[in-house]
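The values are calculated or read from the model by the stated rules, or taken from the named source; none is laboratory data. Just so we're clear, the structure is a prediction, and the values are computed from it rather than from any experiment. Cβ: placed from backbone, ideal geometry, glycine included. Neighbour counts: every protein chain shown. Heavy atoms of the whole protein, side chains included, go into the accessibility calculation; ligands, DNA and RNA do not. Shrake-Rupley method; radii C 1.70, N 1.55, O 1.52, S 1.80 Å.
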Amino acid sequence: MEARELAVPGAFEFSPRVFPDERGLFVCPFQEEGFVKAVGHPLKVAQLNHSRSRRGTIRGLHYADVPPGQAKYVYCSRGALLDVVADIRVGSPTFGVVDAVRLDPHEFRAVYVPEGLGHAIMALEDDTVLSYLCTTEYDAGREHGLDPLDPDLGLPWPAGVEPLLSDKDRAAPRLARAREEGLLPRYEECLTHYRRLRENPAHAYSTSAH
């Protein structure tokens, strides 16, 4: 499996080998050895999320408080989607940088989004199926969102696709307001959490909230 770090440091695209034959194909979208080699620590899985979306559906831009945050490993098993990652860590030298990867069931690329980054997807086809592994369970009190259509974020949504948002995502604050109100993750706290993950993953998740 090949790994490529995105323009947002700490986020990675993974490209597995696909094995087709007369029966269909076989692919392994997540491989621990390749993941650890690229990221520097194992992926703790606490929850698996699955969604099906109409063309134009945007889910995000979402993030969680750090610590402990919520990292995600995302892939698409049907349809096609644009996976978008944004650096919203206050104090980061790449604050505001955005990158995107097309995910589909042809090349089976996957994207790893570490804790503290903003994440969003747009379905490019009807009946697009998204699945992602999460390092922590959903916690409504620690989950946040930003307006995915905020011009200051400049997320690279394709032209000609009408955005379809939930009421919650449509009402999410813009980046500037969230920063002013102290709602965004702080870069130094994220770096501390990443270091704990490399040194002792189990310890990082069991104590980082204290």
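Overview of results
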quantity: Solvent exposure, largest accessible area first (probe 1.4 Å, DNA, RNA and ligands not counted), of Met122, Met1; calculated: Met1, Met122
quantity: Accessible heavy-atom area order of Thr128, Thr192, highest first, probe of 1.4 Å; calculated: Thr192, Thr128
quantity: Probe 1.4 Å, accessible area per residue of the range 1-116, Å²; calculated: 46 Å²
quantity: Neighbourhood charge, 11 Å Cβ-Cβ cut-off, centred on Asp83 and excluding it, Lys, Arg +1 and Asp, Glu -1; calculated: +1
quantity: Charge context of Arg54, other residues only, Cβ under 11 angstrom, K/R +1, D/E -1; calculated: -2
quantity: Assigned charges on the beta-carbon of Lys, Arg, Asp, Glu; the chain dipole about Cα centre (debye); calculated: 200 debye
quantity: Summed residue charge, Cβ within 13 Å of Arg177's Cβ, Lys/Arg positive, Asp/Glu negative; calculated: -3
quantity: Cα-based shape type of the range 167-209, given that a ≥ b ≥ c are square roots of the gyration tensor eigenvalues and the cut on a/c is 1.5; calculated: prolate
quantity: Solvent exposure, largest accessible area first (probe 1.4 Å, DNA, RNA and ligands not counted), of Lys72, Lys168, Lys37; calculated: Lys37, Lys168, Lys72
quantity: Backbone HN-Hα couplings from phi across the range 112-129 [Karplus 6.51/-1.76/1.60, Hz, Gly and Pro as x]; calculated: 9, 10, x, 4, x, 9, x, 9, 8, 9, 10, 6, 9, 9, 5, 6, 6, 10
quantity: The range 96-210: C-alpha gyration tensor shape, a/c 1.5 cut-off, then a/b vs b/c; calculated: oblate
quantity: Relative contact order [Cα under 8 Å, 6+ residues apart], the chain, whole percent; calculated: 27 percent
quantity: Solvent exposure of the range 129-210 as accessible area per residue, Å², 1.4 Å probe; calculated: 60 Å²
quantity: Note, ³J(HN,Hα) from phi for the range 54-71, Karplus 6.51, -1.76, 1.60, rounded to Hz, x at Gly and Pro; calculated: 6, 4, x, 5, 10, 10, x, 8, 10, 7, 10, 4, 10, x, x, x, 8, 7
